[in-house]
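What follows is a single structure, written as C-alpha cells, with notes after it.
The values are calculated or read from the model by the stated rules, or taken from the named source; none is laboratory data. What you see is a predicted model, and the numbers here were worked out from it, not measured in a lab. Cβ placement follows ideal geometry from the backbone for every residue including glycine, while neighbour counts extend to all protein chains displayed.
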Amino acid sequence: MNKKLFELPSGLKKLLAAYLLTLTFGVLVGLAYLYYTTDYSSKGVVERFKGSEIEEFSDSVDEMEMEMNYKKSLSEMLMTTHNHVLGLAYIFLTVGLIFYFNSITSHFWKMFLLIEPFVSLVVSFTSIWGVRFIDGGFVYITFISALLMYSSLFIMIFISLLDLFKKS
C-alpha cells in the first residue's frame, strides 16, 4: 500500500484524526495524574515507588494533610508494569501504523520515531524497578526515557495530523 495520509478519503481522515486527538487527551490525563502523584520531581517519583520517609512533623504541618506513600509491593510493581507496558505498546503500535503512512518525514526519522517509544518504554519501566529495588538514582534514567518516549509519541501524532489535513 503506497497511499499517504493526505491521500485517504475524507471520512477515513476524520476518523483517524478523531482517534489521534482522543488518544492524545487520554495520554495527557495520564500525564496529569503522574504530575498529581509525583510533581514530576525526582523525590516524588522515588517516594511513589520506594515509599515516603517518615520525618518528624513540624507544628505547621497537619499530619492528616500529608499523603504517605508506601513501598510498592512486588505484586503492585508487576501489575503496574504489566498494565502500562501492554497499554502503551498498543498505543505506540496504533499511532505508529498511522504515522508510517505520513508523507512528511524522511526514512531515517520515520524509523527512529516508530521504534524509539518501544525502547524507551522498556527502559522506563526497567528503571522504575531500579528505583524501587536498587537505588533512587535510577529515577534520572526514568525521566530521560519517559521524555524521549512521550516526545516521540507527540511528534508522531502531530505529524500525522498535519499530513491528514494537508491538501492533496
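Some observations on this one:
- Test set (1) part of a helix (DSSP H, G or I); (2) in contact (Cβ under 8 Å) with a residue 40 or more places away in the chain - S103 fails condition number: (1)
- Considering (1) of a type outside the set (F, W, Y); (2) more than 30 Å from F165 (Cα to Cα); (3) modelled with pLDDT under 95, the lone condition that N83 does not fulfil carries the number (3).
- Subset of the stretch 102-131 (residues that are of a type outside the set (S, T, N, Q) and buried (at least 19 other Cβ atoms within 10 Å of the Cβ)): L113, L114, E116, P117, L121, F125, I128, V131
- Members of the stretch 133-159 that are more than 14 Å from the chain's Cα centre (by Cα), surrounded by fewer than 22 Cβ atoms within 10 Å (Cβ to Cβ) and touching a residue at least 60 places away in the same chain (Cβ under 8 Å): G136, Y140, I159
- Of the residues making up the stretch 16-29, those that are surrounded by fewer than 15 Cβ atoms within 10 Å (Cβ to Cβ) and either closer than 24 Å to F143 by Cα or without any contact (Cβ under 8 Å) to a residue 60 or more places away in the chain (or both) are A18, T22, F25, G26, L28, V29.
- Looking only at the stretch 72-97, residues that are loosely packed, with under 14 Cβ neighbours inside 10 Å and part of a loop (DSSP other than H, G, I, E, B) come to 1 in all.
- F125 vs. criteria over 28 Å from L16 (Cα atoms) and at pLDDT 95 or above: yes
- Yes/no for M1 being farther than 21 Å from F138 by Cα, in a helix (DSSP H, G or I) and modelled with pLDDT under 95: no
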